[in-house]
Amino acid sequence: MENRLAELAVELFEINAMKFGSFVTKAGRPTPVCFDLRVIISHPRLMKSVSTLLWTLAENGKSASQICGMPYTALPIAALISAQSNIPLLIRRKETKSYRTKKIIEGQFKEGENCIIIEDIVTTGSSVLEAVKDLTDVGLKVEEAVVILDRQQGGDHNLSAEGIRMRSLYSLTSLMQYLLNAGKVTSAIVQDVKSYVEQSKDQLNSEENSVSRLRIDFASRAKLAKNPAAAKLFNIMSAKKSTLCLAVDLTKADEVLDLAELAGPHIAVLKTHIDLLEDFTSEFIDKLKQLSKEHNFLIMEDRKFADIGHTVSLQYRNGVYKIAEWADFVTAHTVPGSSIVSGLQDGLKGIKESRGIFLVAEMSSEGALTIGEYVKHSVLLSETSNLVAGLVCQYNVFDDPGLIQLTPGIRLEKSRDDLGQQYKTPQMVINAGADLAVVGRGVTAAQDKLSAIIQYKEKLWQAYSERISN
Ligand code: 6AU
């Protein structure tokens, strides 16, 4: 293997798959080396060697029943591996065809099949992680990625944090050593690349130390929260050792109150859809508020406001429910833009208690349109007002440790319901950045509700404790 890697390194150099000098990366950082592995497709013999070597490297891959090649360079290589190994190929589209006929993974497969990813170059690992998300969303399992080159910019670390083992033919350092041994580059160039790799590591360490909210405990994050209700919630989660937000999607007021009484000591938040109640009264609210004081939990009305500022202000403050008067938190869609926040702020005139909004950046339902730029803009919107307490999302899409990630779609087993809801396990959501975890039918449909509540609370807390100590 060693000799073949040494030969291949020289061959790649000779077809100009890499260049040395002063370049700038897509992210705007200077780099002494740049790669264009696409040129390999013009050299069929090289294509064959690369695919054979990659497949030799794959360990678990051989038990995989699907291979996914990343467009563009790794796709034809994956096709060769597929033909040689007789394992079917999947293609992950870069763009979906359209919202209606959205099919991001092309090829035939069954849920639960194991898939290995083939990629050409990994920098931070974000492209591979996006592919992992799409593949797991359609029910495939991914545990391994084999790549030609690891640029040593945190990809290995980021992938293993998500449970993906990466194997690479070359690291930037080993590639340079092969080229130096073959007399293709000078030791000055090797030194340049070495310093660049070291600098990148320092930068990654400092970025990680400064922004990773996932490693900071809730008590410390309480001090970083700009929204007072969010600070209060961080302290409750910390004191009660609970990240559980119970979704009481029931239709009778007494049933909600009974469950609130039972769950109260174990939950951080009780989440209502108040318009589900067939027998709503203001006494119900008084009793719920009383229970929230007694058991130290906060109340979230999952209203998902989504209209113009003037309308949401009225919907928040007036009508039958007068939500602003009793809900510590509400949820809101970001589709109207910044007026959703100013409208809700307007609805709070005269309210003295601290209140917070959770902006819905991503939804848990299959085929949700909350993707790409929509998510990014929702995160930007969260930075515009201290009324925002956090974001509703499925993945770690923001850095601010003072904001709370609320993630719904949780059951003990990865599964789905008949109406598009998609569930992940407690550990999966906490690893994907969830701070506050929404469980609904996992509890409301359980025979023994109290033991279900305790089981979810403990599993979630254990995953959180592991996350902050790792
Ligand atoms: O555990 P379940 O599926 O019984 O309930 C999930 C709860 C429901 C949904 O209205 C809510 O979580 N939800 C939310 C929010 C904001 O909480 C967002 C979302 O994307 N998906 C989702 O299920 O009360």
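Here are some notes:
- The residue that is modelled with the lowest pLDDT, among those in the stretch 432-470 that are of a type in the set (S, T, N, Q) and not in a helix (DSSP H, G or I), is Asn470.
- For the stretch 220-278, the set of residues classified as more than 16 Å from Ile454 (Cβ to Cβ) and among the basic types (Lys, Arg) consists of Arg221, Lys223, Lys226, Lys232, Lys252, Lys271, listed by residue number.
- Exactly one residue out of Ala437, Ala368, Ala327 is free of Cβ contacts under 8 Å to residues at least 12 places away in the same chain and within 16 Å of the ligand (Cβ to nearest atom), and it is Ala368.
- Residue among Ile189, Ile164, Ile148 that alone is open to solvent by 30 Å² or more (accessible area, probe 1.4 Å) and among the aliphatic types (A, V, I, L, M): Ile189
- Failed item in (1) open to solvent by 40 Å² or more (accessible area, probe 1.4 Å); (2) at pLDDT 95 or above, with Gly350 passing the rest: (2)
- Per-region count, the stretch 367-384, residues loosely packed, with under 14 Cβ neighbours inside 10 Å and touching a helix residue (DSSP H, G or I) at 6+ places or on another chain (Cβ under 8 Å): 1
- Scanning the stretch 391-416 for residues that are within 11 Å of the ligand (Cβ to nearest atom) and either at pLDDT 95 or above or touching a helix residue (DSSP H, G or I) at 6+ places or on another chain (Cβ under 7 Å) (or both) yields Leu391, Val392, Cys393, Leu406, Thr407, Pro408, Gly409, Ile410, Arg411.
- Breaking point among (1) surrounded by 21 or more Cβ atoms within 10 Å (Cβ to Cβ); (2) free of Cβ contacts under 8 Å to residues at least 12 places away in the same chain, for Ser415: (1)
- Criterion: within 16 Å of the ligand (Cβ to nearest atom), surrounded by fewer than 21 Cβ atoms within 10 Å (Cβ to Cβ), more than 23 Å from the chain's Cα centre (by Cα) and of a type in the set (D, E, K, R) - qualifying residue of Asp275, Asp254, Asp279, Asp258: Asp275
- Single match in Val388, Val429 (criterion: at pLDDT 95 or above and β-branched (Val, Ile, Thr)): Val388
- Within the stretch 440-462, considering residues that are surrounded by 16 or more Cβ atoms within 10 Å (Cβ to Cβ) and under 27 Å from Glu162 (Cβ atoms), the one farthest from the ligand (Cβ to nearest atom): Trp461
- The set of residues in the stretch 356-370 that are part of a loop (DSSP other than H, G, I, E, B) and of a type outside the set (Gly, Ala, Ser) comprises Glu362, Met363, Glu366, Leu369, Thr370.
The values are calculated or read from the model by the stated rules, or taken from the named source; none is laboratory data. Fair warning: this is a prediction, and the values are worked out from it, not measured in the lab. Heads up, the Cβs are rebuilt from the backbone with ideal geometry, glycines too, and the neighbour counts pull from every protein chain shown. When the accessible area is computed, the model is the full protein with side chains, heavy atoms only, and any ligands, DNA or RNA have been set aside. Shrake-Rupley method; radii C 1.70, N 1.55, O 1.52, S 1.80 Å.
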